[in-house]
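Data first, discussion second: the structure below is written as C-alpha cells.
The values are calculated or read from the model by the stated rules, or taken from the named source; none is laboratory data. All of these numbers come straight from a predicted model, not from anything done at the bench. Using ideal geometry, Cβ is built from the backbone for each residue, glycine included, and neighbour counts are taken over all protein chains shown.
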Amino acid sequence: MAEAQELKHLLLETNDEFRELASKHHQLDDRLVELESKHYLSDAEQVEEVTLKKRKLHLKDRMEAILRDHLNAAAPNQMTA
C-alpha cells in the first residue's frame, strides 16, 4: 500500500497525463463539494452532479490503470533485483 502511495507521488511529479488527470479530478471534486453544500439543487444542478460524478469516476479509473501499468512494469524488475 505504501508502495502505491509512493508511486502516486512519483507519477504526479513525472507523468504529465497522470498529473493532468489528478488535477481535473480535484477540480471536479471541488465543484461537487459546492453542489453538495447546497440545501436544494435545481434540475440542471442535479444533472450536473450526476455528470460530474461519472466524469470523476472515469478519471479515477484511468489514473488507477496508469498506476497498475507502472506497478506491473516494476514487478518483473523487483524479481530480478
Completion exercise
Being in contact with a helix residue (DSSP H, G or I) (Cβ under 6 Å, 6 or more places away or on another chain) and not acidic (Asp, Glu) narrows Leu11, Leu71 down to just Leu11
Exercise for the section: Name the single residue, out of those in the stretch 34-81 being modelled with pLDDT of 95 or more and basic (Lys, Arg), that is nearest to the chain's Cα centre (by Cα). Expected result: Lys60
Practice task
Considering each of Leu57, Leu11, Leu35, Leu67 in turn, give the residue that is of a type in the set (A, V, I, L, M, F, W, C) and loosely packed, with under 13 Cβ neighbours inside 10 Å.
Solution key: Leu57
Completion exercise
Of the residues in the stretch 50-68, those that are without any contact (Cβ under 8 Å) to a residue 24 or more places away in the chain and aliphatic (A, V, I, L, M) number 3
Exercise for the section: Might you check whether a residue that is modelled with pLDDT of 95 or more, among the small types (Gly, Ala, Ser) and in a helix (DSSP H, G or I) occurs anywhere in the stretch 16-24? Expected result: yes
Exercise for the section: Can you run down the residue pairs with Cβ atoms below 8 Å, 6 or more apart or on separate chains, where the first is in the stretch 37-49 and closer than 18 Å to Gln27 by Cα and the partner is acidic (Asp, Glu) and surrounded by 10 or more Cβ atoms within 10 Å (Cβ to Cβ)? Expected result: Lys38/Glu45
